[in-house]
1. Restricting to the stretch 26-84, name every residue that is more than 25 Å from LYS231 (Cβ to Cβ) and among the basic types (Lys, Arg).
2. Are there any pairs with C-beta distances below 6 angstrom linking a residue in the stretch 132-159 that is farther than 22 Å from ILE183 by Cα to a residue that is within 15 Å of the ligand (Cβ to nearest atom), with the two at least 6 apart or on different chains, and if so which?
3. From the list ILE58, ILE26, which one is hydrophobic (A, V, I, L, M, F, W, C) and either touching a His at 6+ places or on another chain (Cβ under 6 Å) or over 30 Å from GLU232 (Cβ atoms) (or both)?
4. Could you check how many residues of the stretch 126-163 are near the ligand (Cβ under 9 Å from one of its atoms) and among the β-branched types (Val, Ile, Thr)?
5. Across the stretch 216-251, what is the total count of residues that are surrounded by 14 or more Cβ atoms within 10 Å (Cβ to Cβ) and among the aliphatic types (A, V, I, L, M)?
6. For THR204, state whether it is free of Cβ contacts under 8 Å to residues at least 24 places away in the same chain and either buried (at least 18 other Cβ atoms within 10 Å of the Cβ) or more than 16 Å from the ligand (Cβ to nearest atom) (or both).
7. Of all residues in the stretch 103-123, how many are acidic (Asp, Glu), more than 16 Å from the ligand (Cβ to nearest atom) and either buried (at least 21 other Cβ atoms within 10 Å of the Cβ) or touching a residue at least 40 places away in the same chain (Cβ under 8 Å) (or both)?
8. Filter the stretch 124-162 for residues that are hydroxyl-bearing (Ser, Thr, Tyr) and closer than 27 Å to ARG55 by Cβ; which is surrounded by the most Cβ atoms within 10 Å (Cβ to Cβ)?
Amino acid sequence: MEKMQLIVNGKRMDGRGLTDLRPLKIKAGVLNKADGSAYVEWGNNKVLAAVYGPRECIPRHDVNPYHAVVRCRYTMAPFCSMEEHGRSGPNRRSTEISKVIREVFENVVLAEHFPKTAIDVYMEVLQSDGGTRIAALTAAAVALADAGIPMKDIVCGVAVGKIDGQIAADFGKYEDNFGESDIPVALSQRTGEVLLLQMDGLLTKDELMKALDIAFEASKQVSELQIRALKERYAEKEAKGIAPARPAEGAQWQQ
Ligand code: CDP
C-alpha cells in the first residue's frame, strides 16, 4: 500500500500546523443524576464523563480502610466508529485504557480523606476520531472537580507523536493510524508531573524530549478550557443559589 502523506507544505490533512490542537469544547455539569459530569468535543471525538462518590463501596471486598478506591470505566459506544461494528461491552483495549486512566486519578485524588468509600468514574465515547483516551481523561478530570472531589490538580493531556518524520500534537485518526509514533500524555501543569505516557513506534531520545515539551505546552490550552468550564458551572450554580460557599481568601485544604 502506498504510504499516506500526512504533511503537505508544512500543513496537516485538516490544515493544522504541527502543534495546533483540534477544536476543543468542554462543558461541566451536563448530567442531573451524577455527582459530577462533563462533556468534551475534541475534533470529531465526543465523550461524556460521569462521577459518583465518594459513596459506599460495593462489593465490600473492594473496600480499603485507609482511602477511597478510585474506579474507572472507559467504554466506546457501539455506534462511535466504523470499527466498532455494533459490538459492546468491555474488551482488551477498553480494559487497558480504564486501567491507565485509573492510575492517573489515583495519583491526584486525595483519597485518604474518604476511607472505606468508592469514587466511580465512567467515560463513554460517543464518537471517536483518534485520541479518545485523552479526551475521556480530560472530561473525567472536569467531572471529578465538578463532583467536588479534592485533587492535587485537574489533570490535562494531549497526544503527541511523529508523523512524516516530524513531531506534532493531537493526532486525528489517520495520523494516529498511519503516523510513525503516537504518545498519549497526561500531566499536571501545577506540579510538572507526567501521569500517563504510552507510546507506540520508535523515537530517538531527543525526539521524545521534544514531544514531551510540546505536550506540556499544548496541554496548557486544554487546562485553561477545563478551568473555564468549571468556572461557568460554578457561575450557573451561583445563579441558581446552589453553589457551595466560596473558600475564604488564601484558605488551604485541611490535610
Ligand atoms: O482513541 P485513542 O487514540 O486513545 O486510542 P487508539 O487505540 O490509538 O485508537 C485510535 C483510534 O482508532 C480511536 O480514537 C478510534 O477512532 C479508532 N478505534 C475505533 O474506532 N474502534 C476501536 N475499537 C479502536 C480504535
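1. Correct list: ARG55, ARG60, ARG71, ARG73.
2. Pairs found: ALA143/ALA49.
3. Exactly one of ILE58, ILE26 is hydrophobic (A, V, I, L, M, F, W, C) and either touching a His at 6+ places or on another chain (Cβ under 6 Å) or over 30 Å from GLU232 (Cβ atoms) (or both), namely ILE58.
4. Qualifying residue count, the stretch 126-163: 2.
5. Count: 6.
6. For THR204, the condition - free of Cβ contacts under 8 Å to residues at least 24 places away in the same chain and either buried (at least 18 other Cβ atoms within 10 Å of the Cβ) or more than 16 Å from the ligand (Cβ to nearest atom) (or both) - is met.
7. 2
8. If we take residues in the stretch 124-162 being hydroxyl-bearing (Ser, Thr, Tyr) and closer than 27 Å to ARG55 by Cβ, then THR138 is surrounded by the most Cβ atoms within 10 Å (Cβ to Cβ).
The values are calculated or read from the model by the stated rules, or taken from the named source; none is laboratory data. Keep in mind the model is a prediction, meaning the values are calculated, not measured. A quick note on method: Cβ atoms are made from the backbone with ideal geometry, for glycine too, and the neighbour counts reach across all protein chains shown.
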